[in-house]
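Read-outs: derived from the displayed coordinates by stated rules, not from any lab. All figures in this text were calculated on a predicted structure; none of them were measured in a lab. Methodologically, a virtual Cβ is constructed for each residue, glycine included, from the backbone with ideal geometry; neighbour enumeration extends over all protein chains shown.
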Amino acid sequence: MLPSSKIKARGVMRLFAVAIAVPLLLYLVGCGGSSETTTSTPTDTTAVHIDTTSTIPMPADTTSMAAKETTAVAPTAPTPEEMLQQEMEQLKADNVQLKQQLDSSEQTNKDLMAKISDLEAAQIAAQEQAAKAAEKPASSKMTEARATPAGKSSPEEIEAYTSALQMAKERKFKDAIDQLQNLLDSGVKSDYADNCHYWIGLCYYSLKDFKTAIEHFKEVLKFKISEKKDDSQYMLGQCYERMGNKKQAQAEYQKLVQLYPTSEYVKAAQARIR
C-alpha cells in the first residue's frame, strides 16, 4: 500500500493535468471548427450561385434561335412576277436610251447631207457664173467659126490642130483652147472645124466649165457631116449630169440611143437611163 500522502499527490497531479488539457482541447476544437467554416464558405457560395443561375431558363440551342431571329428580319426574295417586271422596266429604259442615240445619229446625218447639198449648190452656182462671164466671147467666136468656108484645111492648119490636141492630152487645157479657137478664128475649113469645137468642149469640160462645153458640143451637132456627133451627144448628157440636171441628162442619153444606135456610147448611155 502506498502511503496516503503519495496518493494525494498523484490526485493533485491528475487534476492539474486535466485542468490544462481541457482548455487546450477546447482551443483545438475551436480552431478546427473555424477551419471547417472557412473552407466550407466557397462551397456554399458556389452552391448558392448555381442555384441562382439555375432559376433563369436557358435555351437548349442558342444557334437555332439566332438563325430564327436572322431569318425573321431578312428581306423576302422577289417573286418571279416581280423579277419579270424589273426586267421589263430595264429593257424599256435601254430601249429609250438606244432610241435617243439613234435620233442623234439621224440628226447628225441630216446635217451632213444638208452641208453637202449646200456645197454642191454653191459649186454649181460658181460654175454657172463663170460660164456666164465667158458666154458672150464664146458666142461671138462661134458665130465667126460658122462662117468658115467648106473645104479641106491646109497642112499648116492640120499641124496646128494636132499640136493643140497634144496640149489637151498633156492637160494644158487653156493653151489647147486658145490654139483651137485661133484655128476657128483664122478660117479653118469645115473638115477640122467640127473637131476643133469638140476638143474645145472637152477642154472646158475638164475645167468644169460645163455650160461653155455644152455650147461647143451643140456646135458640133450643127454640122451636116461630122464623125464627132455621137461623141458630142454623149458629152452633152455628161455635162448636164455633172451640173445636177439629171432629167436633161437622161433626155440627151435617150437621143444618143435613138439617133446613133450603132455608136460605141450606146451601152454607157443606156446604163444611165432610168
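Annotations
- Neighbourhood net charge (11 Å Cβ-Cβ; Lys/Arg +1, Asp/Glu -1) for Glu241: +3
- Between Glu264 and Ser105, the modelled label-to-label distance comes to 4.6 nm, taking each label 7 Å out from Cα in the direction of the beta carbon.
- If the chain linking Glu82 and Asp185 were pulled fully straight, counting 0.36 nm for each residue of separation and taking away their Cα-Cα distance, it would gain 27.9 nm.
- Value of relative contact order over segment 169-235, rounded to a whole percent, pairs C-alpha under 8 Å and six or more apart: 28 percent
- Charge sum, other residues only, whose C-beta stays under 12 Å from Ala176's C-beta, Lys/Arg counted +1 and Asp/Glu -1: +1
- Each of the peptides 79-91, 213-225, 194-206, 261-273 was scored by the mean count of other Cβ atoms within 10 Å over its residues; in descending order, highest first, they stand as 194-206, 213-225, 261-273, 79-91.
- Counting every other Cβ atom within 10 Å of each residue's Cβ, Asp185, Asp175 order from fewest to most as Asp185, Asp175.
- Virtual spin-label span in nm between Lys255 and Ala93, 7 Å along Cα→Cβ: 6.6 nm
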